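The values are calculated or read from the model by the stated rules, or taken from the named source; none is laboratory data. Fair warning: this is a prediction, and the values are worked out from it, not measured in the lab. In this analysis, Cβ positions are derived from the backbone assuming ideal geometry, glycine residues included, and neighbour counts consider all displayed protein chains. Accessible surface areas use protein heavy atoms only, side chains included; no ligands, DNA or RNA. Shrake-Rupley method; radii C 1.70, N 1.55, O 1.52, S 1.80 Å.
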Number of protein chains: 2
Amino acid sequence: MLYLVGLGLADETDITVKGLEVVKKADRVYLEAYTSILLVDKEKLESFYGRDVILADREMVESSSDEILAGADKLNIAFLVVGDPFGATTHTDLALRARELSIPMQSIPNASILNAVGATGLQLYNFGQTISMVFFTETWKPSSFYDRIKENVQIGLHTLVLLDIKVKEQSLENMARGRKIFEPPRYMTVAQCASQMLETEEERKEGVYSEDSLAIGVARLGSADQQMLCGTLKELADSDLGPPLHSLVLLGKRAHELEKDYIKAFAVNGESFGQSWSKHHHQ
Amino acid sequence: MLYLVGLGLADETDITVKGLEVVKKADRVYLEAYTSILLVDKEKLESFYGRDVILADREMVESSSDEILAGADKLNIAFLVVGDPFGATTHTDLALRARELSIPMQSIPNASILNAVGATGLQLYNFGQTISMVFFTETWKPSSFYDRIKENVQIGLHTLVLLDIKVKEQSLENMARGRKIFEPPRYMTVAQCASQMLETEEERKEGVYSEDSLAIGVARLGSADQQMLCGTLKELADSDLGPPLHSLVLLGKRAHELEKDYIKAFAVNGESFGQSWSKHHHQ
């Protein structure tokens with residue numbers, strides 16, 4: 001049996017009781033370690049589970065899935081995923097491969113950022129499609145996210161923006177020389193995301209949003225240390241929300257008074273919050 | 001301290017380890033019992049937690065929230081919510097009230113149907129806004145959901161439809177006479193939802209969807225007994241997915257080949273699935 005086990009968002013105690021039972025009984029336990037991260041490391045998990053955990057990087061999951069699934073017709077394999085197991089396409093691939101091999105599969109759901117973002121006080125039924133923001137480089141600034149935001153904005157919906165993480169990346173030079181030397185991990189901040197959004201608006205000039213559009217920056221959601229900051233994109237571009245992981249929500253104009261009441265406690269600046277709200281939001 | 005604790009979707013073991021610790025230590029434990037239900041009853045939860053749980057119905061949460069919060073400046077109050085704590089507006093109200101009373105609050109996320117629906121194999125970033133479907137009566141058939149679906153369909157996105165539940169409802173007669181007699185609980189089925197959707201299309205005639213639009217019915221998600229059925233709305237209107245809870249996803253045309261590969265295993269009829277897919281969906 002292949003078990004896809006969601007770990008939730010913050011630390012080792014965010015696993016469900018059901019998930020923990022699976023981990024304790026499984027013959028092998030893998031931890032998917034490239035689409036997201038917990039705020040605790042592998043050693044902490046191993047000590048909590050009382051057993052070893054095998055780190056599964058992108059290469060292993062995408063190219064050697066049969067290694068992960070080896071013997072799963074008789075053995076119990078637990079594949080641990082930060083958040084919910086079906087948050088990333090790559091896990092659907094693994095589940096499909098298991099189906100081809102006639103390996104039974106069970107998934108154990110958990111919180112993902114897509115629903116936990118409700119802790120901002122923004123109502124989940126007011127969100128449109130979720131988008132991802134990748135790190136821009138000098139020569140690569142993909143703006144397809146802008147078209148998706150435009151679709152949400154036209155309907156008046158909020159947009160959750162998931163921020164890029166780079167783990168186990170090689171520099172072009174090391175890759176060219178075949179050296180397995182990896183760069184330090186990088187996690188996009190709310191400030192970087194807001195800057196890239198404004199850069200793209202300046203480029204595309206379709207007025208989808210502007211410097212004074214309201215957004216909420218969210219950091220370390222689900223942890224005791226979680227932080228939320230509501231401000232204009234310009235304000236968030238200058239913000240510092242501390243260690244990863246960060247996410248951002250761009251507010252839609254269909255926002256509700258109850259949402260306003262809840263999020264104003266997170267405002268960078270009560271005055272500019274009130275002004276931006278009056279300008280952009282109504283029911 | 002007020003703790004809002006998500007219980008997840010199916011049974012008593014879907015609580016997180018962190019949530020269970022809170023429940024065990026709290027001075028009072030409430031179970032919100034009207035926006036959704038687990039597939040196990042209160043007694044099962046009490047035996048698992050080793051303590052009593054107070055059922056909180058709509059009246060208590062909406063009119064007597066101060067009773068729930070009484071003493072929470074010194075005591076630990078756990079308020080248990082099926083799914084994720086911020087899945088329903090009413091819990092944002094409770095959190096706001098706690099803030100007014102200067103009661104500190106912590107929420108403990110869990111899976112909700114909004115992310116667990118990824119277990120269908122449909123990609124979560126291809127979903128638009130989520131809608132709710134209420135039970136139609138002879139004289140009340142609200143169709144505002146149709147406008148929301150239209151917005152999603154125009155962009156090509158999937159729509160998750162959450163289905164009405166009626167617990168502790170009084171008949172008009174009993175209400176008029178002030179008799180606290182409650183009707184048996186009712187849970188909308190996938191078949192009822194598909195029928196109401198088709199009835200509304202017939203009424204509104206804007207061609208937002210049709211009898212041969214593809215959808216997925218989902219039942220008892222997250223339980224060992226979970227079931228998924230992919231068919232046209234006409235096929236789903238005649239389906240029987242067994243006991244509650246049910247949900248439905250209307251497929252958007254932006255659907256991806258990987259999604260097709262995954263969901264075809266749930267098809268009522270492989271042939272009509274292939275035909276409907278070719279007609280309505282492309283990347």
Counting only residues in the stretch A:96-107 that are facing chain B (nearest Cβ under 8 Å) and either in contact (Cβ under 8 Å) with a residue 40 or more places away in the chain or assigned to a loop (DSSP other than H, G, I, E, B) (or both), the one farthest from B:F127 (Cα to Cα) is identified as A:Q106
Verdict on B:L229 being open to solvent by 20 Å² or more (accessible area, probe 1.4 Å), among the hydrophobic types (A, V, I, L, M, F, W, C) and not in a loop (DSSP other than H, G, I, E, B): yes
Across the stretch A:213-235, what is the total count of residues that are among the hydroxyl-bearing types (S, T, Y) and more than 14 Å from chain B (Cβ to nearest Cβ)? 2
Being over 25 Å from B:E12 (Cα atoms), modelled with pLDDT of 90 or more and either aliphatic (A, V, I, L, M) or open to solvent by less than 10 Å² (accessible area, probe 1.4 Å) (or both) is the requirement here; does A:A33 meet it? no
Out of the residues in the stretch B:114-131 that are touching a helix residue (DSSP H, G or I) at 6+ places or on another chain (Cβ under 7 Å) and hydroxyl-bearing (S, T, Y), which is nearest to the other protein chains (Cβ to nearest Cβ)? B:T130
When B:Q154 is run through (1) crowded, with 18+ Cβ neighbours inside 10 Å; (2) within 14 Å of chain A (Cβ to nearest Cβ), the failure sits at (1)
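Residue by residue, here is whether (1) part of a loop (DSSP other than H, G, I, E, B); (2) within 16 Å of the chain's Cα centre (by Cα); (3) hydrophobic (A, V, I, L, M, F, W, C) holds:
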{"position": "A:L94", "(1), (2), (3)": "no, no, yes"}
{"position": "A:N115", "(1), (2), (3)": "no, yes, no"}
{"position": "A:G118", "(1), (2), (3)": "no, yes, no"}
{"position": "A:T137", "(1), (2), (3)": "yes, no, no"}
{"position": "A:D147", "(1), (2), (3)": "no, no, no"}
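Conditions (1) assigned to a strand (DSSP E or B); (2) surrounded by fewer than 23 Cβ atoms within 10 Å (Cβ to Cβ); (3) out of contact with any Ser or Thr (no Cβ under 6 Å at 6 or more places or on another chain); (4) modelled with pLDDT of 95 or more, marked per residue:
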| site | (1), (2), (3), (4) |
| --- | --- |
| B:T200 | no, yes, no, yes |
| B:Y209 | no, no, yes, yes |
| B:V218 | yes, no, no, yes |
| B:A224 | no, yes, yes, no |
For the stretch B:255-280, the count of residues that are part of a loop (DSSP other than H, G, I, E, B), open to solvent by 50 Å² or more (accessible area, probe 1.4 Å) and closer than 16 Å to A:T92 by Cβ equals 1
